[in-house]
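The values are calculated or read from the model by the stated rules, or taken from the named source; none is laboratory data. Note that the coordinates shown come from a computational prediction; the quantities given were computed from them, not determined experimentally. Ideal geometry is used to build each Cβ from the backbone, glycine not excepted, and the neighbour counts take in all protein chains shown.
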Amino acid sequence: MWNRVPPPARDAGLVALAALDAWLSLWNDTPLGLALAAIACGALALRRRFPLAVFLLTLPATLVQDIVVAPVAALYALAERSRDRRLLGVCVFLSAVAMAVHAPLNDDPSASRAWTLIFLLYNLATATAPVLLGQLVQARRDLARRLVEIEEAREHERELHAQAVLARERAQLAREMHDVVSHQVSLIAVQAGAMQVAAKDAGSREAARTIRSLSVDTLDELRTMVTLLRASGGASTELTPQPTLADLRRLVASSGIEAELTGDLPATVGTPAQRALYRTVQEALTNVRKHAPGATATVELWHDGDAVGVTVTNSAPSRLSLPLPGAHQGLLGLKERADILHGTFESGPTDQGGYRVRMRIPSRAD
């Protein structure tokens, strides 16, 4: 329900609450004290864009006024957005010190060193609470984002697995057509040719010639069908319109990680090979985002005359990753794609703690 409130309205409500807290707790009514309190309250409207600066602006007011809402809100906003725990620890200590020593700085005779120490410990606990809450909200947001990525990755793995199953079935059908049907049609053509030569009357020779001609045409069509089946499917069997190398740049740019695309490939690369290379990059970048948070990646397209390929290398993760479930079908599907196109597929960790995926496909693969 709170998320349905527009951000400007939330900002105005928080500033008003901080101003009410400052007014009720006001005991330094000098122009300087009033100005510092007004700056601390007004700065809360900018806490989303400049959380550290807003927190620093609340410190002077905390030194001279007994305010709570402004520093606590500033600490929460900083903790919700920052991943630097040492910075958060320093800010907690500064806030606690500012709230504990403001009385001695204003020459309050009732304050003493013992009470200052007690106030410091109490305010340390007070300042730690919004930081822990902000970190919890940040972790919850990261977990929700990671769950969405997991579901997308699992859906992608299911799609690749379904395509791999279809590819295996097409390959088996191609073998049957080549080994059985093509062989039998070839025998028919040979027998028809022999009959055409041996026939005595013109009608028999014409019938044999027709049978032989139809058999040869059927063999040509069978070869075309076998080639299409071995090409891992066409537009009529794919689940969605399939991407090509022209879509790689958009894929890398929208991957959600810091990735760089280098190299190029000849314009003569076949459509099945383009799809295989695209899926390799897609799967590799998905795995980087899923298993190596904070890592950077390099996508390198290359060709050596006899083959074309792509190599995707990522650096070591900069943050710990959550243990994520997976069906482990993505890389298996890529290896099956490479096998269908008579290519090779390799994957494994690097010496620098990252991971490398490499697919190589013959230039004439179609």
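Selection of the range 342-359 for residues being within 20 Å of the chain's Cα centre (by Cα) and either surrounded by 18 or more Cβ atoms within 10 Å (Cβ to Cβ) or in contact (Cβ under 8 Å) with a residue 12 or more places away in the chain (or both) yields Ser347, Gly353, Gly354, Tyr355, Arg356, Val357, Arg358. One residue stands out among those in the range 319-351 that are in contact with a strand residue (DSSP E or B) (Cβ under 9 Å, 6 or more places away or on another chain) and farther than 19 Å from Gln282 by Cα: the one that is modelled with the highest pLDDT, which is Thr350.
For every residue, the table says whether it meets (1) farther than 23 Å from Val92 by Cβ; (2) out of contact with any Asp or Glu (no Cβ under 7 Å at 6 or more places or on another chain).
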| site | (1), (2) |
| --- | --- |
| Trp27 | yes, no |
| Gly33 | yes, yes |
| Phe50 | no, yes |
| Leu56 | no, yes |
| Thr62 | no, yes |
| Val69 | no, no |
| Val72 | no, yes |
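Can you tell me which residue within the range 239-248, out of those that are closer than 13 Å to Gln282 by Cβ and surrounded by 10 or more Cβ atoms within 10 Å (Cβ to Cβ), is modelled with the highest pLDDT? Write out each step before concluding.
First, pick out the residues of the range 239-248 that are closer than 13 Å to Gln282 by Cβ: 240, 242-245, 247-248.
Then drop every residue that is not surrounded by 10 or more Cβ atoms within 10 Å (Cβ to Cβ), which leaves 242-245, 247-248.
Working: Gln242: 57, Pro243: 67, Thr244: 75, Leu245: 81, Asp247: 83, Leu248: 89.
Filtering first and then ranking leaves Leu248.
Can we say Asp179 is at pLDDT below 80, among the charged types (D, E, K, R), assigned by TED's automatic domain parsing to the domain that holds Leu56 and farther than 30 Å from Thr286 by Cα? Judged against the criteria, Asp179 is not a match. Look at Gln135 and say whether it is outside the structural domain of Leu94 (by TED's automatic domain parsing) and in contact (Cβ under 8 Å) with a residue 40 or more places away in the chain. So Gln135 passes the test. Sort out which residues of the range 264-302 are more than 22 Å from the chain's Cα centre (by Cα), farther than 24 Å from Gly354 by Cβ and either of a type outside the set (Ser, Thr, Tyr) or crowded, with 24+ Cβ neighbours inside 10 Å (or both), and write them in order of number. Selection gives Pro266, Ala267, Val269, Gly270, Pro272, Ala273. Among the residues of the range 48-59, is any modelled with pLDDT under 85, part of a helix (DSSP H, G or I) and among the hydrophobic types (A, V, I, L, M, F, W, C)? No - not one qualifying residue is present in the range 48-59. The set of residues in the range 17-56 that are more than 23 Å from Glu80 (Cβ to Cβ) and not aliphatic (A, V, I, L, M) comprises Trp23, Ser25, Trp27, Asn28, Asp29, Thr30, Pro31, Gly33.
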